[in-house]
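Engineer: Sending over a structure as structure tokens; questions will come in a sec.
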Amino acid sequence: MKRHWVGVVVCAALFGASANACNVPASGDRVVVEAPDRATFEPVSALLEHRCGSLDCHGQSSRNLRLYGNEGLRLAQDGDASRPSSTANTTDAEVNENYLSVVGLEPELMTQVVREGATNPLRLSLMRKPLGIENHKGGTLFNQGDSQVACVTSWLAGHTDSAMCASATANNP
């Protein structure tokens with residue numbers, strides 16, 4: 001009988017300790033994200049759409065990193081989910097959604113990478129996964145030093161190399 005009460009007391013103590021460890025932030029608390037400029041994101045979006053945005057990868061609405069574009073998932077027109085975009089090109093609204101998805105994936109880490117001038121972009125799963133450093137269902141897509149890495153890291157550093165991004169998009173299936 002004593003053993004039962006000891007177990008209940010231990011469980012109650014552990015529950016109490018774990019409940020205190022999970023403090024809920026105040027409703028007014030917000031994460032302020034420092035991110036690269038949206039105006040320079042379009043070439044990066046084109047690369048990510050092409051390499052990662054197919055319907056069987058990040059072109060799925062259920063993914064944390066969700067990519068819209070003319071090669072996969074399309075954003076509804078005028079907020080009407082029954083009317084997907086019919087344009088051949090990726091729309092500005094789709095690029096905006098891609099930007100928000102990339103920046104919002106790991107906002108605190110994105111801020112650190114941007115503040116450091118992208119000296120350590122491998123903090124971001126956006127870089128670790130396609131490089132094969134972290135498990136990625138899609139496998140290794142980028143290689144250290146290639147044009148794809150240069151495209152994304154140049155954007156993270158605040159000076160998007162549009163020519164490198166165009167080369168990376170054109171030269172990779």
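Read the figures in this text as sums done on the coordinates, not as results from a lab. Since we're looking at a predicted model, the values are computed, not measured. Every residue, glycine among them, receives a Cβ derived from its backbone with ideal geometry; neighbour counts consider all protein chains shown.
Engineer: Under a point spin-label approximation (7 Å from Cα along Cα-to-Cβ), what is the ASN135-ALA163 distance to one decimal in nm?
Structural biologist: Modelled inter-label distance: 4.2 nm.
Engineer: Please order TYR99, TYR68 by the number of other Cβ within 10 Å, starting at the fewest.
Structural biologist: Going from least to most buried by this count: TYR99, TYR68.
Engineer: Multiply the residue separation of ARG30 and ASN89 by 0.36 nm, subtract the distance between their alpha-carbon atoms, and state the gained length in nm to one decimal.
Structural biologist: So the chain would gain 17.8 nm between ARG30 and ASN89.
Engineer: With no solvent and one point on each alpha carbon, what is the Debye value of log10 I(q)/I(0) for the stretch 35-170 at q = 0.20 Å⁻¹?
Structural biologist: Here log10 of I(q) over I(0) equals -1.22.
Engineer: Among 114-123, 52-61, 147-156, what's the highest-first ranking by average C-beta atoms within 10 angstrom per residue?
Structural biologist: 147-156, 52-61, 114-123
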